[in-house]
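Encoded as structure tokens, the structure appears first; notes follow it.
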Amino acid sequence: VSFNVRGTSALDVGEALSRSNVAVRAGAHCAEPLVRHLGQRAVCRASLALYNTEDDVDRFLEAVEAAKRTVAFMIMAGIH
């Protein structure tokens, strides 16, 4: 699943998620023409597999919401 958080760089989101022990990849993922066509510099990618549970997905979504708050704070504080 590829995603971005509006108004936030994929690298900042990836860093914030890593602080919640959620691993994602941030970048163009060997699809730079598509990423650029979509008007982005990079996207985050989360990978799921058969062994992931519904709880794993819920934890991921909660971490994304927390990352939004973390990145917003970093931007306001001039940390990013």
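Throughout, read-outs are computed from the coordinates displayed, never taken from laboratory work. On a predicted model such as this, the values are computed, not experimentally measured, just so you know. Positions of Cβ are backbone-derived with ideal geometry, glycine not excepted, and every protein chain shown enters the neighbour counts.
Listing for the model above:
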{"read-out": "Cα pair count fraction exceeding 14 Å, expressed as % - region 8-80", "value": "63 percent"}
{"read-out": "The chain: relative contact order as a whole-number percent, Cα under 8 Å and 6+ apart", "value": "36 percent"}
{"read-out": "Sum of -39500 (n - 2.57) over DSSP H runs of 4+, divided by residues of the chain (222 nm, nearest 500)", "value": "-15500 deg cm²/dmol"}
{"read-out": "Separation of alpha-carbon centers, region 1-35 and region 45-80, rounded to whole Å", "value": "10 Å"}
{"read-out": "Stretch gain in nm, segment A49-E65, where the contour uses 0.36 nm per residue and the Cα spacing is subtracted", "value": "3.6 nm"}
{"read-out": "Segments 14-26, 65-77 sorted - mean Cβ within 10 Å per residue, highest first", "value": "14-26, 65-77"}
